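Input: a single structure, listed below in structure tokens.
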Amino acid sequence: MAQKHKPQKKKPAAKRPRPKKPATKKIQPVEEILFRAEGKMSTFGGPKDTGMSADEGLALFTPADLQDPKYSYLFLSTPPPGTTGLGRRLNPDKYYFACRWNYNDTPREFLKRALARVENPSNGRTADARPVDWGPNIATGRVADLSPGLATALGLQTDDVVRITISALRATALKPAQRTKVAKPAMPVSRPPTAARPVIKQFVRSPNCSSRQVGTKIDKIVLHCTEGSLASALAEFQKSDSRKVSAHYVIDRNGDIYQMVNDCDCANHCMGANHGSIGIEHVGSETDPLAPQQAVASAALIRWLLQQHQIPRTNIFGHDFTPGYSRPGGTSCPDKLFGPVHSQATIAAWVAANV
Ligand SMILES: [Zn+2]
């Protein structure tokens with residue numbers, strides 16, 4: 001499990017051999033994800049949004065944009081009485097949204113032209129929408145504000161979870177017919193096949209998590225062993241009165257995947273390395289290898305996460321070998337799940353062979 005003190009463990013080897021690239025079967029181009037957010041939402045904009053002041057503007061648009069037919073459809077033809085700002089002039093029936101952009105990664109001019117895919121993960125509904133503003137404030141615990149019309153179309157209510165994706169193909173090839181033509185020159189030769197999203201058997205929410213800091217990139221996956229049963233892991237991660245530990249996912253011996261923390265939030269699974277990582281627990285004892293169905297589920301989940309968050313394949317670590325992991329004395333986790341030798345080389349070899 002996550003944070004147990006194991007005084008007799010050896011220091012991890014400093015060298016980490018590069019895993020060999022697996023032989024890819026069919027090469028399929030995938031969309032390059034340029035921006036992704038998943039978490040709670042609310043709504044904003046339009047004449048009735050008194051949360052915005054009468055003169056409040058938008059981070060991505062100026063009054064001059066009202067003359068541009070590419071953008072003018074997002075706004076009402078005349079300002080609502082008593083208002084001067086673009087925020088209240090948004091047409092609440094059109095599909096727009098705001099996220100906390102890092103303008104180094106997604107500059108304003110890019111965002112103005114971008115079209116995002118907005119999804120309601122709980123019912124699978126999706127719609128295309130345009131970024132118009134920066135927000136919501138991080139203190140709200142939400143990741144996005146949507147137009148009232150977009151929220152209604154997707155069946156979302158305040159504090160429901162939304163998923164927003166801006167990909168290279170969406171941003172540059174608005175006409176579907178151009179997609180493959182535009183995609184080809186931009187794609188490196190050795191793109192992995194598109195991964196399917198594995199089935200999550202149940203979302204069992206853990207309170208032991210926090211919002212990731214703005215601008216934090218998810219850049220690694222940490223693999224754990226529960227050193228106990230499924231029931232004890234789920235129970236431990238739901239307790240808020242003891243060690244306050246958690247993980248994003250727990251995979252049972254039979255391959256069932258439970259999610260406990262949204263990817264966009266920070267779980268407490270790897271002291272010192274939680275901020276940019278996703279933690280996956282595998283049910284097993286200190287001496288168990290992965291069960292066959294569990295290994296299949298874990299590889300599928302890892303493939304999906306690598307693709308979703310554009311994580312390098314070399315950044316999949318066993319708990320004890322994670323860069324930044326800082327618990328004194330270390331841990332024996334992930335024990336013998338991925339092989340008999342306690343080393344990152346064992347993890348890398350398993351990844352090369354299975355993921
Ligand atoms: Zn662990």
For this session: Take peptides 337-345, 69-77 and line them up by average Cβ neighbours within 10 Å, highest first, as a rough protection proxy.
Result: 337-345, 69-77
Exercise. Can you give me the pair-distance distribution of the stretch 202-355, C-alpha pairs, 10 Å bins, whole percents?
Worked result: 12, 46, 37, 5
For this session: Determine the gain in length on full extension of the stretch Ala139-Thr194; use 0.36 nm per residue of separation and subtract their C-alpha separation, reporting nm with one decimal.
Result: 16.3 nm
Seminar exercise, completed: Which of Lys217/Lys244; Lys48/Lys220; Lys48/Lys217; Lys94/Lys201; Lys48/Lys239 exceed 31 Å between C-alpha atoms? The answer is Lys48/Lys220; Lys48/Lys217; Lys94/Lys201; Lys48/Lys239
Seminar exercise, completed: The FRET efficiency for Glu286 and Ser242, from their Cβ-Cβ distance with R0 = 25 Å and rounded to 0.05, is 0.75
For this session: Would you mind giving the three semi-axes, in whole Å and largest first, of the ellipsoid equivalent to the stretch 279-355 according to its Cα gyration tensor?
Result: 19, 16, 11
Exercise. Counting pairs of alpha carbon atoms under 8 Å apart in space and at least six apart in sequence, what relative contact order in percent does the stretch 49-119 give?
Worked result: 35 percent
Exercise. Roughly speaking, what % of Cα-Cα pairs in the stretch 106-165 are separated by over 17 Å, rounded to a whole number?
Worked result: 38 percent
Exercise. In µm²/s, what is D for the stretch 216-304 at 25 °C and 0.890 mPa s, where D = kT/(6 pi eta Rh) by Stokes-Einstein and Rh is the Kirkwood radius from Cα pairs?
Worked result: 187 µm²/s
Exercise. Taking 0.36 nm per residue of separation and subtracting the Cα-Cα distance, what length does fully extending Asp55 through Asp93 add?
Worked result: 11.6 nm
Problem set entry | Amide proton proximity set for Leu34, modelled H, under 5 Å, gap of 5+ | Ile166, Ser167, Ala168
Problem set entry | Along each principal axis, Cα extent of the stretch 87-127, largest first, Å | 33, 26, 17
For this session: Based solely on C-alpha atoms, express the radius of gyration and the Dmax of the stretch 29-139 in angstrom.
Result: 14.4, 50
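Read the figures in this text as sums done on the coordinates, not as results from a lab. As the structure is a prediction and not an experimental result, all values here were calculated from the model. Reconstructed Cβ throughout: ideal geometry from the backbone, glycine too, with neighbour counts over all protein chains shown.
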